[in-house]
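Heads up, the thing below is written out as structure tokens.
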Amino acid sequence: MSLRIIDRDAVRRALPMADCIDQMALAMRAVSNGEVTMPSRQLIPLADGSGFLGLMPGSGREPPAHGIKVLTLCPRNAQSGRPVIQGMVAVFDPETGAPAAVIDAASVTAIRTAAVSGLATRLLAREDARTLALIGSGVQAESHLEAMCAVRPITHVRIWNRTRASAEAFCQRHDGRFGCRLEVADTAAAAVAGADIVCTVTAAAEPVVRNDWITPGTHLNLVGSHDAQHREVDEALIARAMLVVDHRGFAETQAGEIVAALAAGLISAAHFRTELGDLVQQAASPRLSSEQITLFKSLGLVAQDLYAAELVLRNAAAEGLGVSCPF
């Protein structure tokens, strides 16, 4: 028996964005059809109080994908320039249950998260969308730039970050990439003004985008917040938009924007009854008009990691990527 070790560079070669978007369609359809066993994530405090250990197990039926994502969250790493979140996706052979691969989790997460947003944008954004606003300039901003350009002919990108130097560096690295022009916006309001697509990829605890900044016809992907305490947009925007989630049950308790809108009495559970997997199975676009505002709230699901890892392992085996060792 052998175990394949697949590092960051091999993941990037084995998981092209366009292919990952199609793989995420399979994952989200499986989630909405109840074909994935996916318990709530566990976050365990480390004994010394320095951080957390995250455990996210799951199993999918078709294609067979069984495994667990294991992460450490070590805030003190930021002081030494190391990643705060590190981890791996362990994949098991669907026939025998034997360990099949250990895959770098950071690169899988970066690509699959943006690919899910790309899938939502492909299904919800206007066909003529050309202008993109990125709120945030980290790893997810980079992968979301690629994903948005994979599904819409983006020509102009405005980016805003609380640290302007970070936004300027992002523009220098990526200006002209995918054939689009990048510029730094002075404010978040200026970045999203008139944008066809908005992606929020921040660590904000309080809203960085407001309802009255968003023009009719915009599609938004909310990606940065992952718990009930953090919000990237205000409650009024949640109430105004056609809202799509990755998982209804988790969204009601873990999506800060939705939790806040529910608490304010601006929406009911019926407002977020549509899952992304439901849309994958529809023949027609759910967009009612060119003026409608659509919004996808992404929490991130282990199903996405496992289906992405399944594709990574399949491509890595075919192309000889990674290191195979006896186990």
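Suppose we keep only residues that are within 20 Å of Q140 (Cβ to Cβ) and touching a strand residue (DSSP E or B) at 6+ places or on another chain (Cβ under 7 Å) within the range 307-327. Which one would you say is surrounded by the fewest Cβ atoms within 10 Å (Cβ to Cβ)?
Across the range 307-327, the extreme among qualifying residues is Y307.
Quick check: anything in the range 89-100 among the polar types (S, T, N, Q) and surrounded by 17 or more Cβ atoms within 10 Å (Cβ to Cβ)?
no
Does A114 fit the bill of being of a type in the set (A, V, I, L, M) and not assigned by TED's automatic domain parsing to the domain that holds E168?
yes
As an exercise: evaluate R231 against (1) crowded, with 24+ Cβ neighbours inside 10 Å; (2) free of Cβ contacts under 8 Å to residues at least 60 places away in the same chain; (3) within 28 Å of A165 (Cβ to Cβ); (4) in contact with a Phe, Trp or Tyr (Cβ under 8 Å, 6 or more places away or on another chain) and give the number of the one condition it does not meet.
(4)
Does the range 175-182 contain any residue that is surrounded by 19 or more Cβ atoms within 10 Å (Cβ to Cβ) and either more than 20 Å from the chain's Cα centre (by Cα) or not assigned by TED's automatic domain parsing to the domain that holds G136 (or both)?
Yes, some residue in the range 175-182 is surrounded by 19 or more Cβ atoms within 10 Å (Cβ to Cβ) and either more than 20 Å from the chain's Cα centre (by Cα) or not assigned by TED's automatic domain parsing to the domain that holds G136 (or both).
Can you confirm whether the range 211-220 contains a residue that is of a type outside the set (S, T, Y), in contact with a strand residue (DSSP E or B) (Cβ under 9 Å, 6 or more places away or on another chain) and under 22 Å from Q304 (Cβ atoms)?
Yes - at least one qualifying residue is present in the range 211-220.
Can you tell me which residue is farthest from L222 (Cα to Cα) among those in the range 258-269 that are of a type outside the set (G, A, S), part of a helix (DSSP H, G or I) and out of contact with any Lys or Arg (no Cβ under 8 Å at 6 or more places or on another chain)?
Checked the range 258-269; the qualifying residue farthest from L222 (Cα to Cα) is L262.
Among the residues of the range 306-324, is there at least one that is touching a helix residue (DSSP H, G or I) at 6+ places or on another chain (Cβ under 9 Å), within 25 Å of T202 (Cβ to Cβ) and assigned by TED's automatic domain parsing to the domain that holds A101?
Within the range 306-324, one or more residues are touching a helix residue (DSSP H, G or I) at 6+ places or on another chain (Cβ under 9 Å), within 25 Å of T202 (Cβ to Cβ) and assigned by TED's automatic domain parsing to the domain that holds A101.
Take the residues in the range 258-295 that are under 24 Å from the mean Cα position of the chain (by Cα) and polar (S, T, N, Q), then tell me which one is nearest to A114 (Cα to Cα).
Looking at the filtered set, the residue picked out is T294.
How many residues does the range 233-257 hold that are hydrophobic (A, V, I, L, M, F, W, C) and either part of a loop (DSSP other than H, G, I, E, B) or at pLDDT below 95 (or both)?
Of the residues in the range 233-257, 4 are hydrophobic (A, V, I, L, M, F, W, C) and either part of a loop (DSSP other than H, G, I, E, B) or at pLDDT below 95 (or both).
If the requirement is being of a type outside the set (S, T, Y), more than 21 Å from D234 (Cβ to Cβ), surrounded by fewer than 17 Cβ atoms within 10 Å (Cβ to Cβ) and free of Cβ contacts under 8 Å to residues at least 24 places away in the same chain, which of these qualifies: A269, A263, A283?
Sole residue among the options that is of a type outside the set (S, T, Y), more than 21 Å from D234 (Cβ to Cβ), surrounded by fewer than 17 Cβ atoms within 10 Å (Cβ to Cβ) and free of Cβ contacts under 8 Å to residues at least 24 places away in the same chain: A283.
Could you check the range 54-70 and list, in sequence order, the residues that are at pLDDT 95 or above and of a type in the set (A, V, I, L, M)?
L55, M56, I68, V70
Would you tally the residues in the range 1-51 being assigned to a strand (DSSP E or B), in contact (Cβ under 8 Å) with a residue 60 or more places away in the chain and either touching a Leu at 6+ places or on another chain (Cβ under 9 Å) or crowded, with 20+ Cβ neighbours inside 10 Å (or both)?
Result for the range 1-51: 3.
The values are calculated or read from the model by the stated rules, or taken from the named source; none is laboratory data. Just so it is clear, the structure is predicted and the values come from calculations on it, not from any experiment. Cβ coordinates were reconstructed from backbone atoms using ideal geometry, including for glycine residues, and neighbour counts include every protein chain displayed.
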